[in-house]
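Reviewing the structure listed below.
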Amino acid sequence: MSGTVHLERDGDVAFLVIDNPPVNAGSRHIRKALLEAIEAVEADASIRAAVLIGAGRSFIAGSDIKEFDLPLDPPQLPAVIAAIETSAKPFVAALHGAALGGGYELALGCDARIAVPGTVVGLPETTLGIIPGAGGTQKLPRLVGTAKAIALICPGQRVAAEQALELGMIDALAEGDLREDSKALAVSLVGGKKRIIDLPVPQDSQEAIASAEKKALTSGRNRPHIAAAISHVKAAGQKDAAEGLAAERATFEKLRVGAEAKALRHIFFAEREAARGRPERSAKPLPFRIFGVVGAGTMGAGIATAVLQAGYPTVLVDSDEAALSRAKGRIDAALEKGVSSGKLSAAAMKAAQHNLTLGFDLSALADCDVIVEAIIEELGAKQKVFAELDRLAKPGAVLATNTSYLDIDRIAEATGRPESVIGLHFFSPAHIMKLLEVVGGRKSSEAAMATGLAVAKTLGKQPVEAGNGFGFIGNRIYAAYRASCEFMLEDGALPHEVDAALEAFGFAMGPFAVADMSGLDIAWRMRQQQAATRDPASRYVHIPDLLCQAGRYGRKTGAGYYRYDEKGRAERSVEVEDLIIAESRAKGIERKTLSREEIQSRALATIVNEAGLVLEDGIALRPGDIDVVLVNGYGFPRWTGGPLHWAGQQDPDRLMAACAAFAETAGLGKRRADLRALGILGPAGQPA
Ligand code: T1G
């Protein structure tokens, strides 16, 4: 039972103060306490108006997601909102921090909404696989029109107060004290009610609605809850308000207990748990203010942009003047794009540009608290840089490498301070991709790791702690998945068939389209570096090497697994398909057609098995961390909850059989994870 609602008096205005740290989630206890307070306001003739306000850092950030797996206890939120709307007295919602989901729906039940600048409002329920369930789909269209309501609700858009005022989502900005301004607003409404539900829906053109609907379905990957949200928004104003509200609630209650909502709730909490890193770590982050980045290539420029966007002074060093100048151009372009997309204010861009210092020599990093190395993926070169950093960096500075798969310990041993060396593995483009693997070497100190996690959060990234194994968490699992898909090419599938099957499962792009986009030569170079240590027992596919030897590096050379026309459109390549068929023949493999289901089964079994090995090897702390990595960094469909949550929803016998079949095709060297011992398998009898 969490939180409470204090009823305070200020003259003849009542303040209902919602107090349920940390984000004033609208728990069942809060709903009950709110309803009692509203009834008390109603019964007290000396109270002429009321204000709802949040204690602490926020208004109500939404209904309590932790209760979604429990039965819906009365009073449910619609009843609380109805009590406000049927009251003869005006209620004002005084907003700060976040008023999201049920919190914003409560505000929509009030007669007016006032917010302090910087407040965020919105209806992000679709990010949890549901739809607004307390009037959001019926009231927001009455404020902003049908097309705009679709554009806001379907992506779960969070709107800053200033924009919300322009849209009519709030009625006023509190320029002074929120309590005083909200009280004045409440008093100004005495004697009347301004119920949104009584307003007509402003008429939009059919074209505008159709265009918003198409965009929402496309970016929402045609998920059922997106279609449902659209349907209810379009119904607003078309039928009796009570009927519209009841229909919305029924759909919300149905979606709320569905597999997709359960999966999205899992990933919501898994992301927050992952960000905490090792639970037993007591070390606090070291203080940091000035960042250094070594290497002005794509990654270095991206990392510098991410740090500058967060508002930190950044020294970017490269011995190549031309590289520095190119990086400066990339950084300015990225910052300008941030402003044009509304993600960054013009002032923040100016501050970021002012915060950038370019240097040609590592000595320019002498005052940096955190230094991220992002030079070529070559161990010797990195060891040389770290030996220099050891000589130049201030005592206590955290020395991070952005390596994708090299051994952190080998890099750390080049310094006299291995306890300060960690991995900060960014994903390209580094200023956009949220995932950041924080990798601990054998000697990395707890303080350095705590600092790495804190840096990730400060940069607005999704941190996941990883152990120092080849490819850490994501690249290791992805490498196994890609190898499994290459096996399928030899066994009978063609690139477009594999890509289509995995895009049908929900991947944003299939593995061969991804390979062409990122460049086949990068993995080729990695395979060449690993050739000496490759397990001779494990199956090896030469097809990608042959493509690279033919100069087919992917999009950047106009041809890879696919050929690309002048507009960059991918087309099947007869040359590649002939090469694949010839490779099967050379290996004595009798090709057979693989069905879409078989392709999906083999690929997913590979991912689940490798994820299990990552857990067995202690590279990931929790199964949920692996879900967070694959969803945030590799296009694994979020609505499945990630590979291990997905695995737990499968029929265990079927999944184990698929893993056995995969191991068979992968060759004798492939270890099988003990999924049952790892607790990954779900109960028997799950839907197949
Ligand atoms: N319910 C329960 N716990 C929540 C919560 C929520 N709605 N939101 C956050 N938390 C916990 C979170 O797990 C973490 O816990 C702590 O609060 C801080 O969160 C009827 C049904 C508000 C912008 O989707 O977007 O209303 O890890 O780390 O970065 O139509 O939290 O400390 O133990 O994210 O400052 C709709 C979800 C619900 C908002 C703050 N609402 N939350 O971000 O902190 S559905 C949402 C957020 C709904 C109605 C339907 C963010 C935040 P712990 P945090 P933050």
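For the reader, a short list of remarks on this structure follows.
- Peptides ranked, highest mean first, by Cβ atoms within 10 Å: ranges 285-292, 309-316, 65-72: 309-316, 285-292, 65-72
- Pairs exceeding 24 Å between alpha-carbon atoms, taken from Lys148/Lys194; Lys214/Lys234; Lys139/Lys193; Lys343/Lys556; Lys66/Lys254; Lys148/Lys434: Lys343/Lys556; Lys148/Lys434.
- Against the chain, whose longest principal axis comes from its Cα atoms, helix 446-458 is set at around 60 degrees.
- Summarised in one figure, the compactness ratio Rg/Rh of the range 366-436, Cα atoms and Kirkwood Rh, is 0.96.
- Accessible surface of the chain [probe 1.4 Å, protein heavy atoms]: carbon and sulfur percent: 55 percent
- Put a plus charge on the Cβ of each Lys and Arg, a minus charge on the Cβ of each Asp and Glu, and nothing anywhere else: the dipole of the range 4-257 about its Cα centre is then about 720 debye.
- If R0 is 56 Å, the Cβ-Cβ spacing of Asp44 and Phe360 corresponds to a FRET efficiency of close to 0.20.
- Computed packing ranks the peptides 36-46, 594-604 as 594-604, 36-46, most packed first, by mean other Cβ atoms within 10 Å.
- Using a probe of 1.4 angstrom and keeping all protein chains present, the accessible surface of the chain works out to 41 square angstrom per residue.
- For Leu424, the residues whose modelled amide H falls within less than 5 Å of its own, excluding neighbours fewer than 5 places apart on the same chain, are Thr401, Asn402, Thr403, Val439.
- Relative to the current alpha-carbon distance between Glu664 and Ala160, full extension at 0.36 nm per residue lengthens the span by 176.1 nm.
- Each of Ala586 and Arg622 was given a label point 7 Å from its Cα along the Cα-to-Cβ line. The distance between the two points is 4.7 nm.
- Counting 0.36 nm for each residue step from Ser282 to Val187 and taking away their Cα separation leaves a gain of 29.2 nm.
- Hull shadow area, averaged, the range 291-472 [alpha-carbon convex hull, nm²]: 8.8 nm²
- Helix-only mean residue ellipticity at 222 nm for the chain, each DSSP H run of n ≥ 4 adding -39500 (n - 2.57), per residue, nearest 500: -14500 deg cm²/dmol
- A simple rule links phi to the HN-Hα coupling: the Karplus curve 6.51 cos²θ - 1.76 cosθ + 1.60 with θ = phi - 60°, which for the range 11-23 gives x, 9, 10, 9, 10, 9, 9, 8, 9, 9, x, x, 10 Hz, with x for Gly and Pro.
- Here the Karplus relation 6.51 cos²θ - 1.76 cosθ + 1.60, evaluated at θ = phi - 60°, turns the backbone of the range 573-584 into coupling constants of 10, 4, 4, 5, 5, 5, 5, 4, 5, 5, 5, 4 Hz, with x for every Gly and Pro.
- The calculated FRET efficiency for Lys194 paired with Ala684, based on their beta-carbon distance and R0 = 56 Å, is about 0.50.
- Surrounding net charge for Val514, when Lys and Arg each add one and Asp and Glu each subtract one, Cβ distance under 10 Å: -1
- Inter-probe distance in nm under a simple model that places probes 7 Å from Cα toward Cβ, at Ile432 and Ser325: 2.7 nm
- Averaging 1/r over each pair of different alpha-carbon atoms in the chain and inverting the result gives 27.6 Å, the Kirkwood hydrodynamic radius.
- Kirkwood estimate for the range 484-540, i.e. one over the average of 1/r between Cα atoms, Å: 12.7 Å
- Label-point separation, Asp19 to Ser538 (7 Å along Cα→Cβ), nm: 5.8 nm
- The long axis of helix 596-616 is offset from the longest Cα principal axis of the chain by roughly 90 degrees.
- Using C-alpha pairs below 8 Å separated by at least 6 residues, the relative contact order for the range 475-666 is 27 percent.
- Leu52 long-range amide H proximity, modeled H, under 5 Å: Leu16, Val92, Ala93, Ala94
- The C-alpha atoms of the chain define a longest principal axis, and helix 298-309 lies at about 20 degrees to it.
- Order by protection proxy (mean Cβ within 10 Å, highest first), peptides 174-180, 645-651: 645-651, 174-180
- The calculated FRET efficiency for the pair Arg391 and Lys457, based on their C-beta separation and a Förster distance of 22 Å, comes to about 0.15.
- Counting every pair of alpha carbons in the range 4-257, the share spaced more than 24 Å apart comes to 42 percent.
- Label-reachable residues, the range 129-154, where backbone N falls under 16 Å from a point 7 Å from Leu217's Cα toward its Cβ: 147, 150-151, 154
- Kirkwood hydrodynamic radius (C-alpha pairs) into Stokes-Einstein, the range 475-666, 10 °C and 1.306 mPa s, D in µm²/s: 92 µm²/s
- Placed amide H near Leu173: partners under 5 Å, 5+ positions off or other chain: Ala115
The values are calculated or read from the model by the stated rules, or taken from the named source; none is laboratory data. Because the structure is a prediction, the values reported are computed rather than measured. Counting neighbours? That spans all protein chains shown, and the Cβs are built from the backbone with ideal geometry, glycine included. When the accessible area is computed, the model is the full protein with side chains, heavy atoms only, and any ligands, DNA or RNA have been set aside. Shrake-Rupley method; radii C 1.70, N 1.55, O 1.52, S 1.80 Å.
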